[in-house]
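Report on one structure; see the data block that follows.
The values are calculated or read from the model by the stated rules, or taken from the named source; none is laboratory data. Quantities reported herein were computed from a predicted structural model and do not represent experimental measurements. Positions of Cβ are generated from backbone atoms using ideal geometry, with glycine treated the same way; all protein chains shown enter the neighbour counts.
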Amino acid sequence: MNRNEDKLIENAEYGVDSRYKSNKERESEAAALMEARLMKMKNLSGDQINRAKLMQLKLKMEEFIKKPVYDNRNYFTEFLKKYIDIIYSKRSLFARDIDIAPVSLSQVINGHREPNEEFFMKLMVHSEKVYKNICSFRKRIWFQVYYHEKICNTMSNQKKWKPKIERHVKLSETI
């Protein structure tokens, strides 16, 4: 390995650009870049920010579906809250737009009620309309998030439920 390759590996956390002669110079460039990013962000409209947040939410949901999760967080309701809060100033407006009682929405969001099939269908149609001019959005993603969470929670809590269930399950025929 030659000297330039050593320098690239040594500075890998900063990317492949090894033009900096000192840490001070690197930090100065990083600060200037961050300042430019902040200035650009300040000039974004509220609509542009919401579009970016919706795209970010979609990507987080897709990432969630891809991997097993073994904690007891309620991801579906977290994603639902973010979705509603990005678009609406009040959650009751969302409830009105999908024709459900605000109390029912609150119960779903707070985990006191399971969302029914009609709720999912309305959420699916609403999301389709919202994402239409933003990016592609798979209609089934809300179902996938919800059931992926249920599967992961069930599998991670086997120690709690399995002994009780095993007492009620018998095998009268062997294979």
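Couple of notes before you dig in:
- Scanning region 13-50 for residues that are modelled with pLDDT under 75, farther than 30 Å from TYR88 by Cα and not in a helix (DSSP H, G or I) yields a count of 7.
- Checking GLY111 against (1) within 19 Å of the chain's Cα centre (by Cα); (2) surrounded by 11 or more Cβ atoms within 10 Å (Cβ to Cβ), the condition it does not meet: (2)
- Tally of residues being under 23 Å from LYS60 (Cα atoms) and touching a residue at least 24 places away in the same chain (Cβ under 8 Å) across region 95-124: 8
- Criterion applied to TYR146, TYR83 was being within 20 Å of LYS53 (Cβ to Cβ) and of a type in the set (Ser, Thr, Tyr), and the one residue passing it is TYR83.
- Filter result (surrounded by 12 or more Cβ atoms within 10 Å (Cβ to Cβ), free of Cβ contacts under 8 Å to residues at least 24 places away in the same chain and either under 18 Å from CYS135 (Cα atoms) or of a type in the set (Gly, Ala, Ser) (or both)) within region 34-54: ILE49, ALA52
- Scanning region 88-103 for residues that are assigned to a helix (DSSP H, G or I) and surrounded by 16 or more Cβ atoms within 10 Å (Cβ to Cβ) yields a count of 3.
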